[in-house]
Amino acid sequence: MASFTAKDVQALRERTNVGMMDCKKALTEADGDMEKAIDILREKGLASAAKKAGRVAAEGVIGTFSDGNVSALIELNCETDFVGGNPEFKALANKIAETAVIAKPADLDALKAATIAGGTASVEDSIQELFLKVREHLDLRRFATVEGTAVSYIHGGGSVGVLVTFDTDAADNADFIAMGKNVAMQVAAMSPSYLDEASVPADVIEHEKAINLAQMNEDPKMASKPDAVKGKIVEGKIKKYFSEVCLLDQDFVRSDLFEGTVGGYIDKVAKDLGAAVKCTGFIRYAKGEGIQKKEENFADEIAGMVK
């Protein structure tokens with residue numbers, strides 16, 4: 001018998017937007033393997049590419065800091081959105097990001113041990129000091145630093161943070177900075193997985209091709225078509241896949257500024273500036289992504305207290 005629970009079925013539904021019964025059948029066929037079940041649903045044409053993360057419920061904030069040469073993003077978590085919106089909590093997150101830029105720590109433990117920017121205590125002790133005020137579990141979950149020209153964007157008071165890196169000789173130009181901010185907003189809104197087509201691993205492309213071919217073989221109208229025809233259709237679908245998951249191939253969301261791809265928008269701004277501008281990468285953090293918050297069952301909790 002397949003090993004999965006009702007919560008697994010619900011999680012699969014949330015990731016694929018497919019009905020509960022189809023999700024249950026897919027999990028049964030996949031022996032409870034979530035990723036395999038997603039592939040099964042996709043092969044049957046019931047689901048598109050699934051969301052990367054399941055249910056997200058952790059609270060906190062994304063902090064950022066840049067000194068012009070090095071930039072950082074950090075994620076600081078807490079238990080409630082009340083503490084997450086606390087100005088002192090947000091200020092601590094940004095101070096930790098500044099510390100990451102100054103100390104250039106090798107890993108998370110090194111960042112926690114570093115002396116916090118502008119203070120004398122360690123980052124870990126500074127977090128503990130705030131804990132004594134708010135009385136919630138606080139956790140410095142992750143950080144990232146980049147060197148060179150980067151433009152940052154923080155959305156929703158810290159719910160999403162983005163760093164986009166560029167190779168350019170116009171780093172101090174106001175129009176370049178505005179363009180970089182718009183590209184960072186694109187990353188925040190559209191959550192691309194890769195920078196461009198060349199960044200997509202070969203095994204990922206082959207996996208997508210296999211999924212699309214399986215979908216056609218499941219479709220009575222398509223199954224009998226020659227392999228060469230199917231191959232051309234799959235290549236077209238892969239181009240569409242690139243336009244969805246690759247930043248530079250995505251349609252630029254600010255169509256009021258430019259109609260076309262993000263890559264085309266960057267090229268236009270570079271031409272207008274008469275400067276070389278190349279987008280080299282991005283980092284996107286969303287608070288709590290991939291963390292499942294504990295679900296409280298107060299009836300069970302009370303029953304446990306009176307035993």
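The values are calculated or read from the model by the stated rules, or taken from the named source; none is laboratory data. Since this is a predicted model, take the numbers as computed values, not measurements. Methodologically, a virtual Cβ is constructed for each residue, glycine included, from the backbone with ideal geometry; neighbour enumeration extends over all protein chains shown.
Residue count for segment 157-216 satisfying the condition of being over 21 Å from residue 250 (Cα atoms) and of a type in the set (A, V, I, L, M, F, W, C): 8.
Given the structure, is residue 177 modelled with pLDDT of 95 or more, more than 24 Å from residue 59 (Cβ to Cβ), surrounded by 16 or more Cβ atoms within 10 Å (Cβ to Cβ) and more than 19 Å from the chain's Cα centre (by Cα)?
In short, no.
The strands (runs of 3 or more DSSP E) found entirely in segment 85-191 that carry 1 or more residues being acidic (Asp, Glu) are 139-147, 160-168. Screening 77, 86, 94 for residues that are surrounded by 18 or more Cβ atoms within 10 Å (Cβ to Cβ), under 15 Å from residue 288 (Cβ atoms) and either in contact with a helix residue (DSSP H, G or I) (Cβ under 7 Å, 6 or more places away or on another chain) or of a type outside the set (Phe, Trp, Tyr) (or both) leaves exactly one candidate, 77.
Of all residues in segment 192-228, those that are under 30 Å from residue 161 (Cα atoms), aliphatic (A, V, I, L, M) and part of a helix (DSSP H, G or I) total 4. Residue check: residue 284 meets all listed conditions (1) surrounded by 13 or more Cβ atoms within 10 Å (Cβ to Cβ); (2) touching a residue at least 12 places away in the same chain (Cβ under 8 Å); (3) more than 25 Å from residue 146 (Cα to Cα); (4) not hydrophobic (A, V, I, L, M, F, W, C) but one, namely (3). Residue pairs whose Cβ atoms lie under 8 Å apart, separated by 6 or more positions or on different chains, with the first residue in segment 107-136 and within 22 Å of residue 83 (Cα to Cα) and the second part of a loop (DSSP other than H, G, I, E, B) and charged (D, E, K, R), are 136/79. Cβ-Cβ below 7 Å, separation at least six or inter-chain, first residue in segment 51-75 and closer than 30 Å to residue 41 by Cα, second modelled with pLDDT under 95 and in a strand (DSSP E or B): which pairs? Close Cβ pairs (under 7 Å, with a partner that is modelled with pLDDT under 95 and in a strand (DSSP E or B)) amount to 58/77. Taken over segment 3-46, the criterion of being among the β-branched types (Val, Ile, Thr) and out of contact with any Cys (no Cβ under 8 Å at 6 or more places or on another chain) is satisfied by 5, 18, 28, 38, 40. The requirement of being in contact (Cβ under 8 Å) with a residue 12 or more places away in the chain, in contact with a strand residue (DSSP E or B) (Cβ under 6 Å, 6 or more places away or on another chain), among the β-branched types (Val, Ile, Thr) and surrounded by 14 or more Cβ atoms within 10 Å (Cβ to Cβ) is not satisfied by residue 99.
Do we find that residue 98 is at pLDDT 95 or above, under 23 Å from the mean Cα position of the chain (by Cα), on the phi < 0 side of the Ramachandran plot and acidic (Asp, Glu) in this structure?
Values: at pLDDT 95 or above: yes; under 23 Å from the mean Cα position of the chain (by Cα): yes; on the phi < 0 side of the Ramachandran plot: yes; acidic (Asp, Glu): yes.
Here the answer is yes, as residue 98 does meet what is asked.
Look at segment 256-272: where a residue is without any contact (Cβ under 8 Å) to a residue 60 or more places away in the chain and a partner is of a type outside the set (D, E, K, R) and in a helix (DSSP H, G or I), sitting 6+ places away or on another chain with Cβ atoms under 6 Å, you get 258/265.
Is it the case, given these coordinates, that residue 148 is out of contact with any helix residue (DSSP H, G or I) (no Cβ under 9 Å at 6 or more places or on another chain) and on the phi > 0 side of the Ramachandran plot? Yes; evaluated as a whole, the condition is true for this residue.
If you go through segment 111-156 and keep only what is over 30 Å from residue 191 (Cβ atoms) and among the basic types (Lys, Arg), you end up with 133, 135. Scanning segment 222-241 for residues that are touching a residue at least 60 places away in the same chain (Cβ under 8 Å) and out of contact with any helix residue (DSSP H, G or I) (no Cβ under 7 Å at 6 or more places or on another chain) turns up nothing. Of all the numbered requirements in (1) surrounded by 12 or more Cβ atoms within 10 Å (Cβ to Cβ); (2) assigned to a helix (DSSP H, G or I), residue 279 misses one, and that requirement is (2). Selection of first residues in segment 33-48 that are of a type in the set (Val, Ile, Thr) and of second residues that are buried (at least 16 other Cβ atoms within 10 Å of the Cβ) and part of a loop (DSSP other than H, G, I, E, B), restricted to Cβ pairs under 7 Å at least 6 apart or on distinct chains, gives the following pairs, ordered by first then second residue: 38/47; 38/50; 40/30.
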